[in-house]
Structures are given as structure tokens and as C-alpha cells.
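The values are calculated or read from the model by the stated rules, or taken from the named source; none is laboratory data. Small disclaimer: the values here were computed from a predicted structure and weren't measured. Counting neighbours? That spans all protein chains shown, and the Cβs are built from the backbone with ideal geometry, glycine included. Surface accessibility is based on the protein's heavy atoms, side chains included, excluding ligands, DNA and RNA. Shrake-Rupley method; radii C 1.70, N 1.55, O 1.52, S 1.80 Å.
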Amino acid sequence: MSNLQRNTETPSVQPIRNTTFGTFSRSTRRYTPFTKTPKSRRLCISTAVRDIHRTPTPSQQTVDFKGLTNKTWKVYRLTPLYRFSAETKDQKWYGRLLSSHIETENQKSFVLDEDIPEKAIFSWYKGLKVGPDDEEALQIIIKGKSRNGNGVDVIVLTAFLLCVDLEDNPVDKELQQHFTYYPVMIVKGPVHSQNILTSWLERQFDCRVNPSTFSSLQLACIVAMWSGLCTKPIQKSKQVELLYKVPAECEGMSKITYSLCAQDCKDLWDSIHDSGSDEFTEVETQTFIRSIESHFYYYSKFDSLSIESHFYYYSKIRLSAMQLYRVGTPVMMLGSEGRLKIFSSQHALIILRHLTELSVEKFVP
């Protein structure tokens, strides 16, 4: 087992307000979600994706996923689209239908402090189709007028319908000719425009579009896996951050921001995970997150330092009893409410594949 480098600095813990703590009688048992998580998950995706990362061809080197990184997205999950057509002429037709729907919704109401949506454009986004059962990623752009009233055209909303490295299509084979499955949609734009888009998709393709939410256990799995993704030296400015919601019984605080050195987290994950395996297990995930929250960093020839005990000594709060609701690593940020931000284009495929897998798990035929 590899040892972690000694870190003499106290991990950064940032409470919202520094006031006296109230009586706190909450159980110290780990906050657990109400959803099941598989015993193991894939760290890698298909051979095609690994080839993109390791030995890219000249054509693959041009895939930089521009437009996906360094933007905050809202993640949705979709049921299969009924009678969706991939023909170019039908994309133009969908654009006209959505534009007409936007016009109708604008006549009903529009938000004064938001840009006004007008025209929709459908197009393919190349580079995200990597598996035999994947659909080509669909990009939807809604343009409109600036809210400033100067008549300038702006992009009001951008959306991507995604299916990245789908392992097993949950749609029955005899029905796949009628249904097209995009497990994930990510959207950037005002809430009013998002509602217009989702309502049109549901009406046009007889599907359901629901906001994606992520449990504490899912976020723990994500921070464990994505902390170990980086193969190049980690930027010092990027830390691993864990955000916890503080129960109402604990007066004077609403959340706790817990920041850790990204390299230490990667070293910890490497010491726990079997480097020869393409999967990570639930046991590895639990070991990792407990090592961060309630266990210790081990140093060669040094005594151990208890992070949770140190935090508990000053605050009388056990992190393992808190609800983990947002995680951040050098490659991504994800919140329990479905807010996503991808920092690394190199890892975009792996991140989107994992979101595809999580959405498929919630699919009920």
C-alpha cells in the first residue's frame, strides 16, 4: 500500500457562520440515501473510448468537446423518445415545431429579467458516440433577443441529449425501431426556457423529462472514482471539496465546506483501489470516503492524524452524520440537485458515461 505524503496543514473547513453550536443529538450513523447502488462500477468505458485517451488518431485528436467544459449544466434524465427521426430534414422540422411552441409559450407569459427565446436549431454533436448502442449526441440551441431591449441576438439556451457508452439498452429489441433512447440531457439556460424545452419534448415524443438528483452515496462514489482519474500532475489550484448540509438542530450553520489536497485524495484512492481492475467496488468507495471523513491519513514512520476527530474536537459534529450534497474534484463538480460542471475535456467522455449509467439505473420499462 502506498503511503500518503505528510501534510502538516489543517484541512480547510469553512462554516457559514461562526457562532456557538447548539445541542446536537443527531445519530452519528452515516447519512444514507434511499436508493440502491450497485456493488461495483466501471472505471473505464469501452475500448473505443480508452483508445481516444491513450492512442488517438489524427481525426480523434480534433475532438476537444468545445462547448461542454467550464459551463454549469442542469442534468435531466429522459425516457425513450417515441418516433424520433435522425434524418437531417426532420431536424429542421423539429426546429420549426419547437420555435412555434416557444412563440405560443411567449404569448402566454415571459419573464422580464430573462432573455426572450425565439428560434430553435437542432444539430448533431460529434465525438460522443462511442458504443454500438449509442445514439449520436443531439444539440439543441435556442436563440432569442437580449433582455436589454437592444435587439441583439443571443443564445438563450443550449442543450445536449446524450447517450455515452450505453452498456445494455433497456428498451426491448422489438421496440427499438420505434423508440430512441437518450438517457441524459444537460441544459444551460434560464429556468423558463428550460421548462419550454422539456414540455415540448414530452409532448412531441411522448416521453418524460425529469431533473436528475444524486444521493449522498452516489456522490461519494463519484468523488472516489473521479479523484483517481487524473494521470497527469494535478493543478495545485484545484482541490477536492466536499459540501455538507448541517441539520437544523445545529444552530448557527447551514453548510460545511471541507477542502482537501487533490493529490492526497488521489494517493489515498490509489492505495485503496486495485490498479489492475477496470471496476471499483462499493467497499472501496466506502473505505475511501470514510478515510476522508472519519479515518486518518497514514504517514510512514509518523503517528496518524484524525481528520474527523480534529473536526469533532472543535465543533462536536461528526461529518459522517451530515448529508453530502455537493462534490468537486479537479475534473468536475456535481451537486445533489443535478448541477454539473466539467473542468477537463480529457475526462468528459468518462464523466458523461457515468451519468448515462446512473440514468439507466433509474429507467423503469
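Can you compute the FRET efficiency between Ser259 and Glu136 using 1/(1 + (r/R0)^6), with r the Cβ-Cβ distance and R0 = 45 Å? Round to the nearest 0.05.
FRET efficiency, Ser259 to Glu136: 0.70.
Once amide H atoms are placed 1.01 Å from N in the peptide plane, what residues at a sequence separation of 5 or more from Val184, or on another chain, have their amide H within under 5 Å of its amide H?
Long-range HN contacts for Val184: Leu78, Leu162.
Which of the pairs Lys74/Lys126; Lys119/Lys173; Lys66/Lys255 have their Cα atoms more than 25 Å apart in this structure?
Lys119/Lys173; Lys66/Lys255
How high is the relative contact order of the range 72-211, in percent, counting Cα pairs under 8 Å that sit 6 or more residues apart?
Dividing the mean separation by the residue count of the range 72-211 yields 34 percent.
Pairs Lys71/Lys238; Lys89/Lys341; Lys188/Lys266: which exceed 21 Å Cα-Cα?
Table pairs above 21 Å Cα-Cα are Lys89/Lys341; Lys188/Lys266.
For a Förster distance of 35 Å, can you work out the FRET efficiency between the beta-carbons of Arg203 and Asn70, rounded to the nearest 0.05?
Calculated transfer efficiency: 0.60.
If r is the Cβ-Cβ distance from Lys89 to Glu249 and R0 is 45 Å, what FRET efficiency results, to the nearest 0.05?
Efficiency for this residue pair is about 0.15.
Between Glu174 and Glu282, what length in nm is gained on full extension when 0.36 nm per residue of separation is reduced by their alpha carbon distance?
Going from the current span to full extension adds 35.4 nm.
Would you mind giving the average projected area, over all directions, of the Cα convex hull of the range 72-211 in nm² with one decimal?
One quarter of the hull surface, i.e. the mean projection, equals 8.7 nm².
For the range 66-76, what does the Karplus curve 6.51 cos²θ - 1.76 cosθ + 1.60, with θ = phi - 60°, yield as ³J(HN,Hα) per residue in whole Hz, taken in order and with x for Gly and Pro?
Calculated HN-Hα couplings, in order: 4, x, 9, 8, 6, 9, 8, 10, 9, 9, 10 Hz.
How do His354, His178 rank by accessible surface area computed with a 1.4 Å probe, from largest to smallest?
The ranking, largest first, comes out as His178, His354.
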